[in-house]
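Right, one structure below, let's go through it.
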Amino acid sequence: MSAIATRYEVVVGLEVHAQILTQSKMFCGCSTDYLTAPPNANTCPVCLGLPGSLPVINRRAVEATIRTALALNCEIPEFSKFDRKNYFYPDLPKGYQISQYDLPLSRNGHLEFDLNGEARRCGITRVHLEEDTGKLLHEGAIHEAQASLVNFNRAGVPLMEIVSEPDLRSADEAREYVMRLRAILQYIGVNHGDMESGQLRCDANVSLRPAGSAGLGTKVEVKNMNSFRAIHRAIEYEVERQTQVLESGGRLAQETRGWNDARGLTVSQRSKEYAEDYRYFPEPDLPPLDVSREWVAQIRAGLPELPAARRERFMTAFSLSPYDAALLTSSKTMAEFFEETVRLGAPAKTAANWILGDFSRLLNIDRKEIDDASIKPRHLQQLISLVDSGAITGKMAKQTFEAMYRAPDPGPALEAARGSTQISGDAELDRIVDQVIAENVKSVADFRAGKEQALKFLIGQGMKISRGRANPQRLDALLREKIQ
Amino acid sequence: MKLYQRTIRDLHQMLVDREISSVELTDAVLSQIDAVGDTTKAYLLVTRELALRQAQAADERLRANRDVRPLTGIPIALKDVLCVRDVVSTAGSKILRGFTPPYSATVVERLEGEGAVFLGKTNCDEFAMGSSNENSGYWPVRNPWSLDRVPGGSSGGSAAAVASGEAIAALGSDTGGSIRQPAALTGIVGLKPTYGRVSRYGLIAFASSLDQIGPMTRDVVDGALLLQAIAGHDPSDSTSSLRPVPDYLATLTDGVKGMRLGVPKEYFVAGMEPAVEQSIRDAIRLLEQQGASIEEVSLPHSDVALPAYYIIAPAEASSNLARYDGTRYGFQAGGGRNLIEEYMLTRQQGFGAEVKRRIMLGTYALSSGYYDAYYLQAQKVRTLIIEDFKQAFKKVDALLGATSPTAAFELGAKTQDPVAMYLNDIITIPANLGNVCGISVPCGLVDGLPIGLQVIAPGFGEAAALRVAYAFEAATQFHKARSPLMGAAA
Ligand SMILES: [Zn+2]
C-alpha cells in the first residue's frame, strides 16, 4: 500500500446472505432443491405468489436462524415479526419479499476471529430471516437479450441476512471474518458455505475516513463477490479507488458497485439517487412471532462445539499451534477428519501436517471439500503408520498419498505401498518369529493356556520387529505353528 | 312457492324427504338465471356443467343417505374473489382476465365437502374495492328491487343473485362492509365473521388484515348454516383462529330476553335518511319489547374510522396488487419496449380507476417520510377503535345500528364523487377495524327499497349476533319480502 493510503482508515461492514438448509421452503411445502431440479418444478401457488395464496412460517427455518444468532452471541428478543419489502422485479413473484425490518429475530452479537495471531472482534448488528427470490436467465448479455426466463425453484428458499457492524478495517479482516462466519454456519449445520452456487453471498459496505476520525465516510456498497478471493480483491480495489478519488480532491458518490472478477475492478451499478423506497410494513398475512425463552434455551442446549471452542481444545489436547488449530477448525468436515484420524491412532502433529499440507493442496487444486475425497481417516492413519514404522520413506509416502487421492478407492494404492516392502522370504520371517517367542515368554505361555488375545500381542511384536514389513496373516500362521 | 324462492333449510328438508332432487333444484335456479341474468348481470360466469355434475353427485349422496349435510345439493353462488380450481377467477378485474387457478379456496373446498352445488362466479367491484358494484372491471350489477339502482358492493353480484332467485345463498367477502351493505340494499341477510373465524386461503386479497369471507342468505337460519360450514381453523391461513367453532343453531332461538343491547350514538350519522333512522329506532324498540335491555353507548373514535380505513386498506392493497404485472398470468398489455414500460402498460390498461386510486393512496401512505404520519397513525387509530369496542362490550352483549345510512342509490349517482361513495361504509367499517363481527338483517322498506339493521357482536361472538338477528327476524316479516325479479311468494 502506498503512503497515501495510511492517511485513511478503512471501514468495512459486511452483509452476508446464507440460505438455510431446510427440506422445505420458508413459507410453503416445496422442496428447497433449486440446483438440480428442472426449472420451476419445485413451485406451488404460495411460492409463485398466485392470487389468494398465503404464507405459513417454516419453524425449522426460524430455529436455524436462532441457532445462528446464538452462535454469534446475539440477543434473541421475545417478540419478532415479518415485514413486506416492496419492489418490482420479475424474480420476485409477489411484488414484495417477506423479510424482517424493525423487529428482527436477533440483534447485538459479535464474532471473534484471529488475524496474524491477533484477536479481532466484529459486532453483529442483526441476524434476520427472509425468503430468497427466483432466478433470471437471460439469452445472451442482459442489455442485448431478446428474452429472459425465470426459474422460481429458488423463490421462497429460507435466507438469513447476517449484518455486521462497520468494524472491519481491511480486506484481510473482511476475508477472515467471512471465513470464520462460514465455518460457524457449517458447524451448526445451517449452511454448507458454498459461495459459488450462491448458497452463501456477501455484500460489502466500504468507506474511508481520515485516520483517527470517528465519523463515517461516503459508503459504497460492493456486490457480486463469489469467493473469499473475490471479497479480498474487491475490497482492496475499492480502497485503492476511493483513496485515489479523495487524494485527487474528488468526491465519492454513495452508490452500489458490482465486482467484475474477470477485469478485477468494480463498476457503478446505480446511484443512491435512484434508490428504491421499499415501503416496509408489517406482513398482515403472518401473526407476530412469540419466541419463548424455553425454545431459545432448547436451541442453545442443542448447539454443537463451535470453531473457537474446538480450536482451543485442539491446542490443548493435541498440542497444535494456534495457526494449525485455526486452519483445521475453519472447516467442520476438516476438523472432524483430523479428529477421526487421530482417534484411529495417528500422531496429532503428523495428521495435521498431512491434512493441511498435501491433502489441502490437492483439494484446493480440484476445488473439492475434504468429505468429497475418496481418502478417509482410516486410509490416512494407515499411511502414517507405515511411515512411522519405517516401512516406507517419507518420499514414498507422498507418492502413495497422491496415488491414493487420485483413485476412486485408495485401498489398492495403500496395499501396493505396503506390499512393495513386505517381507516375503520364509527365512527372514522365521527369524522374526523366533525372536518374538524368545522375547515374550509370558505371552507365549498365556497363548498356550488358551488366551487368543495373547497371539494378537505377539503378532504386533512381530510387525514391530519387521518395521511393518511382515504380512500379519503369515505371522499369525507361523506363530501358531511354532508355539503349538 | 318456486324452488328458487326458498331457503336452504326448507330445501334441505325437501331434498332429504326426496320431494325434489338436487338436479331439479339446480335446474330451477339455472332457469331463473337464464330468465333474469341479463337484467341483473349478477354473474360473471355461470358454471352450468359443474353445477349439474355436482347436483348429480349430491343426489347420489342423498339417495344413499351417505354423509348428508345441511348444504348437500344446495345451489350456491361464489363471489369472483374466491378461487375455484379450473374455474376462471378474476376478482372482477380485467387484469386477471382468463386466470384459472390450479387450486380452490379453503371455503370452496369445505363447501365441496358438504356436497354444495356451485352455480358460478358473481360479479363484484374490482378486487372488492367499492360500495356499488360500479367498479367491476366487466359490467355493473343492477338491484333486483329497482333496476336503475345499485345493489351495493362490493359483493353486489352475490347479493343480487340471492335477492333475484339466481342462487339460494352466496358467499361474499367483507373488508369494510362489502357483505353487510349489499345485503341491506337487496333485502337479504349478510354476515361478516370476526377476522380469523373463516380461512382466507384462496380469497384474492384486497386488504389482508381486514378481509373476511361470509354468508349472504335469505334468512338468519341460512346464514348460521352457511357460516357453520365454512368457519374454523385452516393450517394454510396462519391468521385463522384455533378457537373451536360453536354450534350456531344451538343458541339461535334463545331470544333476546335478558340480553343487554347497546345503541352507539355515533352510528346515527349526519346524512342518514330519516326513514332509515326511523326504521332502526323501530327495530330497537321491538327488541326491547322482546325483553332486551337497551342502553345508549359511545364508540368515541367512530368518526376517525373511515379515514384510518382509507389508509390501512389501500396500503395493504398497494402491496397485495403488486403481483399483477402481466409476466406470469392474467392480462398482459404487450408492446412495451422494456420491462418497466411493459409493467406500466399492463397495469394502466388492466386496472380500473378506483383500483389505481387506491394503489396510489396506499403507495403514498407507506412511502418513506409519510409512513409515520399516515400508516402508523392509522394503526394507532385502529387500536383506539378496538379499545372502543372492548369498553362497549363490557357493558352490553351486542350493538345495534343501521347497516347503511341510505337505501340503494341510483347507478351513476356517486361515481363522480369517491368520498360520497366512501361514506356509504361509515357504519360498517368500524367492525372490520375493530376485529368484531356484524350481521345485517332486513328491517324494512323505504320507498320500496330494502334497508338493514346491523347487529355487531364482540370478536368470535357470531352466535350472539345471529341470536339477536334471529329474534328480530322471527318477530317481523321483512325478510319474507321478495324482490320484483324473484317474484311474489305465491
Ligand atoms: Zn411452494
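Data table
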{"item": "All-pairs alpha carbon distance profile, segment A:332-484, 10 Å steps from 0, percent", "result": "11, 35, 27, 19, 8, 1"}
{"item": "Intensity falloff of segment A:113-251 expressed as log10 I(q)/I(0), Debye formula with alpha-carbon point scatterers, at q = 0.11, 0.16, 0.18 Å⁻¹", "result": "-0.53, -1.00, -1.16"}
{"item": "Candidate lysines for bridging to B:Lys394, where Cα separation is under 21 Å - those fewer than 8 sequence places away on the same chain excluded", "result": "B:Lys257, B:Lys265"}
{"item": "Pairwise FRET efficiency - B:Arg337 versus B:Asp38, Cβ, R0 = 35 Å, nearest 0.05", "result": "0.25"}
{"item": "Lysines whose Cα lies under 23 Å from that of B:Lys356, excluding same-chain neighbours fewer than 8 positions away", "result": "A:Lys85, A:Lys94, B:Lys79, B:Lys94, B:Lys414"}
{"item": "Segment A:307-418, relative contact order in percent, only Cα pairs under 8 angstrom and at least six apart counted", "result": "21"}
{"item": "Inter-chain Cβ neighbour average for residues A:41-53, partner chain, 10 Å", "result": "6"}
{"item": "Segment A:2-298 - Debye-derived log10 I(q)/I(0), Cα point model, q = 0.14 Å⁻¹", "result": "-1.13"}
{"item": "Sparsely packed trypsin sites (Lys or Arg not before Pro) within segment B:132-210, loop by DSSP, other Cβ within 10 Å at most 13", "result": "none"}
{"item": "Relative contact order, percent, segment A:363-448 [alpha-carbon distance under 8 Å, six or more residues apart]", "result": "24"}
{"item": "More than 16 Å apart - percent of Cα-Cα pairs taken over segment A:24-131", "result": "67"}
{"item": "Mean-position separation - Cα centroids, segment B:303-317 and segment B:407-464, in angstrom", "result": "16"}
{"item": "Calculated FRET value between B:Ile294 and A:Asn108, using beta carbons and R₀ = 51 Å, to 0.05", "result": "0.35"}
{"item": "Angle in degrees between helix A:307-317 and the longest Cα principal axis of chain A, rounded to the nearest 10", "result": "20"}
{"item": "Whole-Å semi-axes of chain B's equivalent ellipsoid (Cα gyration tensor)", "result": "31, 29, 21"}
{"item": "Euclidean distance of C-alpha centroids, segment B:24-94 and segment A:368-384, integer Å", "result": "68"}
{"item": "Gap separating the Cα centres of segment A:336-366 and segment A:411-484, nearest whole Å", "result": "30"}
{"item": "Pairwise FRET efficiency - B:Met344 versus A:Asp91, Cβ, R0 = 22 Å, nearest 0.05", "result": "0.70"}
{"item": "Test item: A:88-95 mean partner chain Cβ contacts at 10 Å", "result": "5"}
{"item": "Cross-link partners of B:Lys480 among aspartates and glutamates (Cα-Cα below 12 Å; sequence separation of 8 or more within a chain)", "result": "B:Asp219"}
{"item": "Sequence-separation-based contact order of segment B:307-405, relative, with Cα cut under 8 Å and 6+ spacing, percent", "result": "35"}
{"item": "Spin-label proximity, A:Ala119 to segment A:323-367 - amide N less than 18 Å from point 7 Å beyond Cα toward beta carbon", "result": "A:323-327"}
{"item": "Accessible-area composition of chain A, carbon plus sulfur, in percent [1.4 Å probe]", "result": "50"}
{"item": "Selection of trypsin sites (Lys or Arg not before Pro), segment A:21-82, meeting DSSP coil and at most 10 other Cβ within 10 Å", "result": "none"}
{"item": "Cα-based equivalent ellipsoid of the protein assembly as shown: semi-axis lengths in Å, sorted from largest, via gyration tensor", "result": "72, 35, 25"}
{"item": "Peptide A:286-294 - average C-beta neighbours from other chains (10 Å radius)", "result": "1"}
{"item": "Qualifying trypsin sites (Lys or Arg not before Pro) in segment A:249-326, DSSP loop, other Cβ atoms within 10 Å at most 14", "result": "A:Arg251, A:Arg263"}
{"item": "Distance (nanometres) between label positions extended 7 Å along Cα→Cβ at A:Arg241 and A:Leu265", "result": "0.8"}
{"item": "Residue-count net charge about A:Arg367 - beta-carbon cut-off 11 Å; Lys, Arg +1, Asp, Glu -1", "result": "-4"}
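The values are calculated or read from the model by the stated rules, or taken from the named source; none is laboratory data. These numbers were taken from a predicted model, which means no experiment stands behind them. Positions of Cβ are backbone-derived with ideal geometry, glycine not excepted, and every protein chain shown enters the neighbour counts. SASA here: full protein model, heavy atoms, side chains in, ligands and nucleic acids out. Shrake-Rupley method; radii C 1.70, N 1.55, O 1.52, S 1.80 Å.
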